[in-house]
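A short worksheet on the structure shown next.
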Amino acid sequence: MEKIKQHFEAEAREFDQIVQKLIPYYFQMVESLVAAIPFARLEPIDVIDLGCGTATVGKAIKDAHPCARITCIDLAHNMIEMARMKLADYADDICFQVGNFCDYEFDRTYDVAVSSLALHHLETNEDKKAFYGNIYENLRPGGVFYNADIVLGSSDYLQDMYLRKWKAFMNREASEEEIEKKWIPKYYEEDRPATLIEQIAWLREIGFSSVDVVWKYFNFAVYGGQKPKSG
């Protein structure tokens with residue numbers, strides 16, 4: 001995680017531009033995540049954004065739910081500083097924390113937990129499943145968790161196809177040399193995604209209800225579920 005932290009510290013100022021270049025239809029992904037939050041626009045909800053980056057998701061949530069109170073957590077200090085600037089108009093409703101979400105100790109419960117392009121850094125499938133369980137335990141009844149992230153295909157063929165489609169998208173803005181010598185090696189070095197089907201099963205096993213995939217483009221997806229309101 002230290003190497004990943006250094007990577008994000010260095011790229012914080014250019015992060016928004018990099019994401020748009022590398023992540024297919026990123027704003028559709030964010031829009032889908034926010035649309036899945038099942039609370040009224042003016043309801044005062046408590047939100048935690050795990051691996052908030054520059055707070056693109058946090059700002060989208062705040063625009064859609066102006067009474068939301070958001071806790072933004074990120075490993076990289078520079079990312080938090082960019083997030084502070086993006087959310088400067090909402091300072092009274094935002095709490096910023098520099099820290100590793102992998103071992104984050106919740107000190108309160110939330111109505112909404114979200115993450116985007118972060119949880120694939122959890123090293124093993126067991127780490128991911130345990131983290132999802134930790135989120136579940138710290139949601140209020142009726143609360144929701146949604147994750148926007150990169151996923152693996154369920155077969156070698158599908159995974160190869162996903163990578164071809166991803167490279168084709170990146171090739172719109174990046175050269176083949178940049179893709180093959182920079183971004184794909186970084187993906188193999190730093191990212192540890194899991195299959196979407198596995199993760200859906202974990203969420204159900206943990207106890208989430210209404211588990212669903214609300215958006216997908218080959219190897220990128222938005223998925224999650226709700227903690228039952230009772231029982």
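Structure notes:
- Taking only the C-alpha atoms of the chain, the Rg (one decimal) and the largest Cα-Cα distance, Dmax (whole number), read 16.9, 54 Å.
- Residues ASP103, ASP191, ASP63, ASP149, ordered by accessible area of protein heavy atoms at a 1.4 angstrom probe radius and largest first, appear as ASP103, ASP63, ASP191, ASP149.
- Among the trypsin sites (Lys or Arg not before Pro) found in the range 21-111, those both in a DSSP coil and sparsely packed, with 15 or fewer other Cβ atoms within 10 Å of their Cβ, are ARG41, ARG108.
- By the Cβ-Cβ criterion of under 4.7 Å, the unpaired cysteines of the chain are CYS67, CYS95, CYS102.
- Applying both filters, DSSP loop and at most 12 other Cβ atoms within 10 Å, to the trypsin sites (Lys or Arg not before Pro) of the range 122-223 gives ARG172.
- Value at 222 nm in deg cm²/dmol, rounded to 500, when DSSP H runs of n ≥ 4 in the chain each add -39,500 (n - 2.57): -12000 deg cm²/dmol
- Residues in the range 72-82 carry Karplus couplings, in order, of 9, 10, 8, 5, 9, 4, 5, 5, 4, 5, 5 Hz; the curve used is 6.51 cos²θ - 1.76 cosθ + 1.60 with θ = phi - 60°, and Gly or Pro positions show x.
- Global form of the range 69-153, assessed from the alpha-carbon gyration tensor, a/c cut-off 1.5: oblate
- Rolling a 1.4 Å probe over the protein heavy atoms leaves SER155 with an accessible area of roughly 50 Å².
- 5 angstrom amide H check on ARG192, placed H, neighbours 5+ away: HIS121
- Mean separation of Cα pairs under 8 Å and 6 or more residues apart, divided by the residue count, gives the chain a relative contact order of 21 percent.
- Rounded to the nearest whole Hz, the Karplus-based 3J(HN,Hα) values (6.51 cos²θ - 1.76 cosθ + 1.60, θ = phi - 60°) of the range 32-49 follow the sequence 5, 4, 5, 5, 7, 6, x, 10, 5, 3, 9, 6, x, 9, 9, 10, 10, 10, with x at glycine and proline.
- When you filter the GluC sites (Glu not before Pro) in the range 100-198 for DSSP loop state and at most 11 other Cβ atoms inside 10 Å of their Cβ, you are left with GLU105, GLU123.
- Long-range amide H partners of VAL151 with built H, under 5 Å: PHE220, ALA221
The values are calculated or read from the model by the stated rules, or taken from the named source; none is laboratory data. This one's a predicted model, so the numbers in the text were calculated from it and none came from an experiment. In this analysis, Cβ positions are derived from the backbone assuming ideal geometry, glycine residues included, and neighbour counts consider all displayed protein chains. When the accessible area is computed, the model is the full protein with side chains, heavy atoms only, and any ligands, DNA or RNA have been set aside. Shrake-Rupley method; radii C 1.70, N 1.55, O 1.52, S 1.80 Å.
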